[in-house]
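The values are calculated or read from the model by the stated rules, or taken from the named source; none is laboratory data. If you're wondering where the values come from, they're calculated on a predicted model, not measured in any experiment. Here the Cβ is made from the backbone with ideal geometry for all residues, glycine too, and neighbour counts use every protein chain on show. The area values use the complete protein model at the heavy-atom level, side chains included, leaving out ligands, DNA and RNA. Shrake-Rupley method; radii C 1.70, N 1.55, O 1.52, S 1.80 Å.
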Amino acid sequence: MSLSTIHVDGIDFKDDQNKVWHYVGMTASALFKRWLMPSGPAALVEPNLQQWRAMANEGGYDGEITLRVFRFAAPPNSFALDPWSYPMSEVTNFTNYCNERRFRIDWTCGDAQIVLPNPDGPKGQQQHLNEFCNALVPVAATNFVQTCNEPFKNGIDVRRIVPPPSRMVDPKSPWGTYLRDSGMYYGGQWDTSTDLDFISLHTDRGMEGRVVKWLGKIFESAVFLWDIGKPPVQNEPMGFDEVDRPGSRSNNPRYAGLLGMGVAFTGIGFHSSAG
């Protein structure tokens, strides 16, 4: 089943039938690194996709899933990947492979201050971003590009380093069908100068009395996010895993259900962990 193109209409994502499209995502940080390993897609990627689809179906969801994947990072992260170690053709191949299985990719990155410290030049941050976006041009479906995960700690100035706009924003653009997120998270005051095609909010995972703060955060922040005027996505509101770590990871299925209900109620997409 082929995926449609997605465009921005006010605070909504809409598909090529002009119907509201809901962003439902999960973290799959190391999936591209797995793709590039000698064992290849059949051994290290396909089983993950099948498991995640089965987990979604078990929970009653049969829609598209967006995977948040790192295009580079530094050790000791398990998803560490040198930005210039792979041919850009593999970006095209990997994205198409996932799209064909009803998974969209939301590309992000981290640790640029270590693995890609120079913003400019032939091997700099902007050049890598340009070549990466060019690799998405042959991809028919809409995927997503985040300039940088948590840029305040990951070495990219998202006011300077910007993905070129695609034809989903500028019909005259030669740059494919992706949509862009700067990755600039809320820090007490929203900096609208960094807004691109959509926005992301990294929630506070702290505790408030007997209530885990993130449980109410999606409702608390919804009106604020809508007021910015871009489609909002909540990045990493809570990770679900086999082991409970209060404020960071939960193994409580009721919490997962509450988060899902919150998304359904507010219309704001989210990422969960791959646990």
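With a 1.4 Å probe and every protein chain kept in, tell me what percent of the accessible surface of the chain is carbon plus sulfur.
On the way: 6650 of 12520 Å².
With neighbouring chains kept in place, the figure for the chain is 53 percent.
Qualifying trypsin sites (Lys or Arg not before Pro) in region 131-172, where qualification requires a DSSP coil assignment and no more than 15 other C-beta atoms within 10 Å, comprise 159, 160, 172.
Find, among the trypsin sites (Lys or Arg not before Pro) in region 210-260, those assigned to loop by DSSP (not H, G, I, E, B) with at most 10 other beta-carbon atoms within 10 angstrom.
Working: sites: 210, 213, 217, 249, 254; in loops: 210.
Here the trypsin sites (Lys or Arg not before Pro) that fit, given the DSSP loop and packing criteria, are 210.
Close amide H pairs (under 5 Å, H built 1.01 Å from N) link residue 235 with 201, 202, 203, residues at least 5 positions away or on another chain. Rolling a 1.4 Å probe over the protein heavy atoms gives the chain an accessible area of 46 Å² per residue. Comparing 93, 235, 143 in a Gaussian network model of the chain (Cα springs below 10 Å), the most mobile by mean-square fluctuation is 93. A Gaussian network model of the chain, with springs between Cα atoms under 10 Å, assigns the largest mean-square fluctuation among 226, 84, 214 to 84.
Please compute the contact order of the chain in relative form: average sequence separation of alpha-carbon pairs under 8 Å and at least six residues apart, divided by the residue count, as a percent.
Values: 535 pairs, mean separation 49.3, N = 275.
With pairs under 8 Å counted, the relative contact order is 18 percent.
Net charge dipole, the chain: roughly 200 debye, given to the nearest 20, about the Cα centre with Cβ charges of +1 for Lys and Arg and -1 for Asp and Glu.
In plain terms, the bigger the Kirkwood radius, the slower the diffusion; for region 51-135, with that radius from Cα pairs, at 25 °C and 0.890 mPa s, Stokes-Einstein puts D at 171 µm²/s.
All Cα-Cα separations within region 1-152 were binned at 10 Å from zero, giving a P(r) of 10, 39, 35, 14, 1, each value a whole percent of the pairs.
In whole Å, what is the distance between the alpha-carbon centres of region 54-68 and region 155-175? Between the Cα centres of region 54-68 and region 155-175 lies a distance of 29 Å.
As an exercise, take the mean of 1/r over every pair of distinct alpha carbons in region 21-76, invert it, and state the Kirkwood radius in angstroms. Each step should come with its number before you reach the end.
Numbers: mean 1/r = 0.0805 Å⁻¹.
Over region 21-76, the inverse of the mean reciprocal pair distance is 12.4 Å.
Gap in Å between the Cα centre of region 227-266 and the Cα centre of region 1-51? For region 1-51 versus region 227-266, the Cα centre distance is 18 Å.
Restricting the calculation to Cα atoms, the chain yields a radius of gyration followed by a Dmax of 17.7, 53 Å.
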